[in-house]
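Asks: Okay, here's the structure, questions in a sec.
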Amino acid sequence: MSHNAHVPIGPYHPLQEEPEFYKLVVDGEKVVDVDVRIGYNHRGIEKLSESKSYDQSIFLVERICGICSSSHPIACCQALEDIGGVEVPERALYIRSICQELERLHSHMLWLGLAGHFIGYNTVFMWAWKYREPICDIMETVTGNRQNYAMHKVGGVRRDIEREHVSYILKRLDEFIKNISILKGAVLDDPVLHERLKGIGILTKEDAIDYAAIGPVARASGVDIDVRRDHPYGVYDRIKWNVVTQEEGDVFAKTVVRILELFESVGIIRQCLDKMPEGPIDSNPKDIPPGEGIGQIEAPRGECFHYIKSDGTNSPVRHKVRAPTYMNFPTFRETVIGETISDATIILAAIDPCYCCTERMLIVDGSDKNIMGAEELIRLSQEKTRLIKDKYGER
Amino acid sequence: MLENLFKFMVYPGFLFSGAIGLLAGWFDRKITARLQWRVGPRWYQNFMDIAKLFLKETLIPDGASRMVFFAMPLLAIAGSTLASTIIMVINQTPGVTFIGDLIVVVYLMLIPPLALMLGGFASGNPLASLGGSREMKLMLSYELPFLLALVVPIAKAGYSIQLGGIITYQALHGPIFFSISGVLSFVVMLLCIQAKLGFVPFDMPEAETEIVSGMYIEYSGPALAMLKLAKAILAFALPALLITLYFGGIIFTASGILMSVLEYILILLLMIVIKNTNPRVRIDQAVRFFWRIPTALAVLAVVLAYLGL
């Protein structure tokens with residue numbers, strides 16, 4: 001029997017300020033086991049969606065995640081368009097792709113800053129978030145909001161990109177690309193960062209495939225997948241861009257993938273603005289026939305999947321959402337075990353976990369605990385209050 | 001007796017060095033903020049933080065050893081205050097030096113981290129004991145080059161282990177910093193001080209993003225305020241020691257004080273720049289680093305000092 005201690009991270013993450021719980025079993029500084037608990041914050045979005053009309057449910061899924069508030073609505077719209085066989089006007093597809101890539105830019109910058117913060121490099125944290133500002137400004141120009149864009153609807157988009165805005169967007173993008181080129185140099189050529197990030201949290205290609213990792217996590221392990229290329233939607237098949245992959249699978253490779261994807265995304269936005277045809281932005285479909293449909297989209301963290309079943313009424317019978325982080329969580333077992341606690345936090349952060357995306361699902365494991373109803377919970381709470389009063393006296 | 005108490009409590013002891021240390025803390029926050037495109041706090045922010053903490057409740061974790069838990073902040077603050085008092089008093093009147101006062105100062109400066117470590121262990125929190133064990137490893141790693149580098153001023157000043165002796169030597173022969181061995185050992189000292197003050201890249205004992213402030217985790221209210229003050233006083237005493245050893249001490253004339261303030265700001269600036277351009281390293285990397293490069297540099301400096309360079 002070794003002297004293993006438990007180091008808890010959570011149930012409220014000290015840094016990411018979101019509800020999740022990692023129990024690290026450590027031997028000295030070394031992590032020997034990890035237990036990940038999710039489901040501290042069941043939000044019931046899928047059930048809620050069944051009580052909303054289709055138009056409302058798009059606003060609802062937009063609020064699954066503050067960062068992916070373009071990916072989820074687009075995936076949802078695609079699922080609905082899949083059911084109804086709705087044609088989306090070309091211009092709307094371009095605008096959707098622009099929104100998607102802008103979202104990827106701001107999400108990756110957000111992650112880069114957070115990653116810097118995790119390893120105590122607060123300058124990178126602040127600089128990355130400062131450089132992210134132009135992207136939020138462009139988002140405001142395109143959609144009217146910095147976050148929670150309310151941009152997408154079944155059959156198209158709500159706002160058009162005005163011609164006079166294009167030059168503004170290009171100007172801010174130039175500014176952005178100049179800044180991130182500096183940041184890229186500062187991050188990728190820093191020997192201390194190499195020392196700190198290389199060779200830790202390695203996810204091998206086999207493991208990445210076995211655990212069905214997706215998004216930048218898989219691409220950093222040499223798995224060449226990307227929904228944008230493999231199952232093209234929007235206008236990605238009409239535009240020149242590359243899927244960025246790295247072979248090493250460590251935290252550094254994940255960083256490299258995300259940084260290089262920034263440049264790809266900027267390229268995609270530029271091409272979209274250039275090629276965007278004139279025309280309507282909305283095909284105004286009237287109703288959704290009975291049937292089933294799926295929407296797949298490459299969100300910044302990986303494939304985001306929506307399934308909707310319709311019975312011809314105005315609201316879904318079943319709405320299933322699979323957020324990308326959910327698929328990347330299990331890789332922790334391969335990446336964290338054997339590393340030190342210092343590295344554990346950055347490894348856990350390297351998949352870019354989005355807890356609020358994932359936290360909609362409550363996994364009730366009935367094997368080792370009783371499932372409590374409202375009455376039991378009230379009784380439990382009263383008992384606890386009594387115990388506290390007995391211990392500390394009435395105040 | 002009363003005079004000594006005044007020296008310890010008011011000037012140049014607790015109140016004075018505490019105030020300077022807190023101002024240095026503000027300077028650090030302000031410069032860091034400017035480097036990161038933030039505005040940064042007003043100059044009295046750190047004073048307000050301490051004042052606020054003194055008004056807060058102190059919680060004692062279940063299962064903590066109360067005696068040790070509360071004694072350690074006092075011990076930490078006493079150790080660092082005494083060290084800074086000795087340094088400043090000897091700077092004022094180099095005559096009051098006593099044999100081995102340099103060694104006393106060095107050991108007194110070890111008390112705050114040791115006390116913090118014990119306090120962390122006493123709190124019974126696993127993250128605190130993790131921080132404590134990291135602090136221990138870090139101490140083991142930086143003390144070796146620190147003490148080796150200390151040999152250089154001692155050797156230069158004719159093998160005097162008196163602060164007064166080193167100050168008088170520099171008054172006659174010019175600052176020790178202006179020699180090859182002096183510069184080398186100053187650099188080593190600066191890196192060690194970075195670790196002693198728990199600045200990035202050597203802040204892993206606290207590492208708020210890994211182990212949630214480590215040893216401080218269970219401290220709250222006045223006890224936490226005292227630990228912060230002990231650290232602030234160290235942030236004054238350690239650069240003051242450096243000024244004493246390498247820049248000829250603080251000469252109490254208008255220009256001398258101005259010089260010392262400039263030197264102090266320079267040392268702080270160097271540390272803040274290192275802090276803001278590096279990520280936190282792992283504890284094993286820190287140990288490896290200190291036992292290789294700074295130790296080698298310090299040995300080289302000692303040899304050079306022996307040769308009179």
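Asks: Are there chymotrypsin sites (Phe, Trp or Tyr not before Pro) in region B:86-137 that DSSP puts in a loop and that have at most 13 other Cβ atoms within 10 Å, and which ones? Each step should come with its number before you reach the end.
Replies: On the way: sites: B:Phe98, B:Tyr107, B:Phe121; in loops: B:Phe98.
Taking region B:86-137 and a limit of 13 other Cβ atoms within 10 Å, the loop chymotrypsin sites (Phe, Trp or Tyr not before Pro) found are B:Phe98.
Asks: Given H placed on each backbone N at 1.01 Å, which residues far from A:Asp33 in sequence or on other chains put an amide H within less than 5 Å of it?
Replies: Residues meeting the criterion, in which the H sits 1.01 Å from N, are A:Val25.
Asks: Separate question: Just to confirm the number: angle between the C-alpha axis of helix B:163-173 and the first principal axis of chain B, 0 to 90 degrees, nearest 10?
Replies: Tilt of helix B:163-173: around 40 degrees.
Asks: Can you tell me which of A:Pro289, A:Pro324, A:Pro191 moves the most in a GNM of chain A? Springs connect C-alpha atoms under 10 Å apart.
Replies: A:Pro191
Asks: Using the Cα centre of the protein assembly as shown as the reference point, and only Cβ charges (+1 on K/R, -1 on D/E), how large is the resulting charge dipole? Debye, rounded to the nearest 20. Spell out each step's value before the answer.
Replies: Details: 68 positive and 75 negative charges, 367 e Å.
For this selection, approximately 1760 debye.
Asks: Once phi is turned into ³J(HN,Hα) by the Karplus curve 6.51 cos²θ - 1.76 cosθ + 1.60 with θ = phi - 60°, what whole-Hz value does each residue of region B:213-227 show in order, with x for glycine and proline?
Replies: For region B:213-227, the Karplus curve yields 6, x, 5, 7, 4, 8, 7, 8, x, x, 4, 5, 4, 5, 4 Hz.
Asks: Something else: Exactly which GluC sites (Glu not before Pro) in region A:211-261 are in a DSSP loop and have at most 16 other Cβ atoms within 10 Å?
Replies: Details: sites: A:Glu247, A:Glu248, A:Glu261; in loops: A:Glu247, A:Glu248.
For GluC sites (Glu not before Pro) across region A:211-261 that sit outside H, G, I, E and B with at most 16 neighbouring Cβ atoms in 10 Å, the list reads A:Glu247.
Asks: Using only the Cα atoms of region A:133-230, build the gyration tensor, take square roots of its eigenvalues as a ≥ b ≥ c, and label the shape rounded, prolate or oblate: rounded if a/c is under 1.5, else prolate if a/b is larger than b/c, else oblate.
Replies: Details: a/c = 3.19, a/b = 1.49, b/c = 2.15.
It comes out oblate by the Cα gyration axes.
Asks: Sticking with this one: Under 5 Å between amide H atoms, partner at least 5 residues away or on a different chain: which partners does A:Phe21 have, H built in plane at 1.01 Å?
Replies: Distant-sequence amide H within range of A:Phe21: A:Arg37.
Asks: How charged is the neighbourhood of A:Ser181? Take every other residue with its Cβ under 13 Å from the Cβ of A:Ser181, and add Lys/Arg as +1 and Asp/Glu as -1.
Replies: Values: positive: A:Lys178, A:Lys184; negative: A:Asp174, A:Glu175, A:Asp189.
Taking every other residue near A:Ser181 into account, the sum is -1.
Asks: With a cap of 13 neighbouring Cβ atoms within 10 Å, and only residues DSSP puts in a loop, list the chymotrypsin sites (Phe, Trp or Tyr not before Pro) found in region B:166-234. List each step's numbers first, then the result.
Replies: Numbers: sites: B:Tyr169, B:Phe177, B:Phe178, B:Phe186, B:Phe199, B:Phe202, B:Tyr216, B:Tyr219; in loops: B:Phe177, B:Phe178, B:Phe199, B:Phe202, B:Tyr219.
Answer by residue number: B:Phe178.
Asks: Tilt of helix B:126-156 relative to the longest C-alpha principal axis of chain B, in degrees (0 to 90, nearest 10)?
Replies: Between helix and principal axis, roughly 10 degrees.
Asks: Using θ = phi - 60° and the Karplus relation 6.51 cos²θ - 1.76 cosθ + 1.60, list the HN-Hα couplings for region A:53-66 in order, rounded to whole Hz, with x at every Gly or Pro.
Replies: With coefficients 6.51, -1.76 and 1.60, one gets 6, 4, 5, 6, 5, 5, 5, 5, 5, 4, 8, 4, 9, x Hz.
Asks: For a footprinting-style exposure proxy, rank A:Cys77, A:Cys136 by other Cβ within 10 Å, fewest first.
Replies: Values: A:Cys77 26, A:Cys136 18.
Lowest to highest Cβ neighbour count: A:Cys136, A:Cys77.
Asks: Right, here's the next one. Let me check I've understood the local charge: for A:Ile351, count other residues with C-beta under 10 angstrom from its C-beta, Lys and Arg +1, Asp and Glu -1. What total comes out? Please report the intermediate quantities before stating the final value.
Replies: Working: positive: A:Lys254, A:Arg301; negative: A:Asp352.
Local charge sum for A:Ile351: +1.
Asks: Under a 10 Å cutoff between Cα atoms, tell me which one of A:Glu298, A:Glu162, A:Glu264 has the largest fluctuation in the Gaussian network model of chain A.
Replies: Between A:Glu298, A:Glu162, A:Glu264, it is A:Glu162 that shows the largest mean-square fluctuation.
Asks: Identify all lysines with a Cα-Cα distance to A:Lys205 below 21 Å; exclude those on the same chain that are fewer than 8 residues away in sequence.
Replies: Within the straight-line limit of under 21 Å, A:Lys205 reaches these lysines: A:Lys254.
Asks: Here's another thing I want to ask about it. If you project the alpha carbons of region B:2-306 onto their three principal axes, what span does each projection cover, largest first, in Å?
Replies: 57, 47, 41
Asks: Related question: Counting Lys and Arg as +1 and Asp and Glu as -1, what is the net charge of the other residues whose Cβ lies under 15 Å from the Cβ of B:Tyr246?
Replies: Details: positive: B:Lys156; negative: B:Glu263.
My count for the surroundings of B:Tyr246 gives 0.
Asks: From the phi of every residue in region B:110-116, what ³J(HN,Hα) in whole Hz does the Karplus formula 6.51 cos²θ - 1.76 cosθ + 1.60 yield, where θ is phi - 60° and glycine or proline is x?
Replies: 7, 5, x, x, 5, 5, 4
Asks: Roughly how tilted is helix B:180-196, in degrees to the nearest 10 and between 0 and 90, from the longest Cα axis of chain B?
Replies: Around 10 degrees separate the two axes.
Asks: Next up: In the P(r) worked out for the protein assembly as shown, what percent of Cα pairs fall beyond 45 Å?
Replies: Values: 84888 of 247456 pairs.
Above the 45 Å cut-off, the protein assembly as shown has 34 percent of its Cα pairs.
Asks: Per the Kirkwood formula on distinct C-alpha pairs, the Rh of chain A is how many angstrom? Don't skip to the answer; put the middle values down first.
Replies: Values: mean 1/r = 0.0445 Å⁻¹.
Kirkwood radius, chain A: 22.5 Å.
Asks: Additional query: Normalising by the residue count of region B:20-128, find the relative contact order in percent from Cα pairs under 8 Å and 6+ residues apart.
Replies: Details: 83 pairs, mean separation 31.8, N = 109.
It rounds to 29 percent for region B:20-128.
Here, each number is a calculation from the coordinates, and none is a lab measurement. In this text the structure is predicted, and so the values were computed from the model without any measurement. Positions of Cβ are backbone-derived with ideal geometry, glycine not excepted, and every protein chain shown enters the neighbour counts.
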